Amino acid sequence: MPTSSRGPAASPKLAACPDDKAKGALLLMIEALELLDASEGAGVAGAHLDLAIHRLQEWIEGKASI
């Protein structure tokens, strides 16, 4: 599996709260999906990412209703 060349300084700063981290991850996933859609060549990866986004949204909403 390829590793990222991004250093620690390049990673986004997310809050310490686990819920905030999940929401931050969701925003990054949505941004990644937009980039994949713009490339017009990553259909399968985009479909998997879209499903993962929906599942994460459901999980976040489920935690919020507890």
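Would you check the accessible area of S39, probe 1.4 Å, heavy atoms only, in square angstrom rounded to 10?
Solvent-accessible area, nearest 10 Å²: 70 Å².
Between I30 and A52, what length in nm is gained on full extension when 0.36 nm per residue of separation is reduced by their alpha carbon distance?
6.9 nm
I need the calculated FRET efficiency for the pair I60 and E40, taking r as the beta carbon distance and R₀ as 30 Å, to the nearest 0.05.
Calculated transfer efficiency: 0.55.
Find the Rg to Rh ratio for the stretch 12-61, where Rh is the Kirkwood radius over alpha-carbon pairs and Rg uses the same atoms.
1.03
The values are calculated or read from the model by the stated rules, or taken from the named source; none is laboratory data. Predicted model, so just to flag it, every value in this text is computed and none were measured. Here the Cβ is made from the backbone with ideal geometry for all residues, glycine too, and neighbour counts use every protein chain on show. For accessibility, only protein heavy atoms count, side chains too; no ligands or nucleic acids. Shrake-Rupley method; radii C 1.70, N 1.55, O 1.52, S 1.80 Å.
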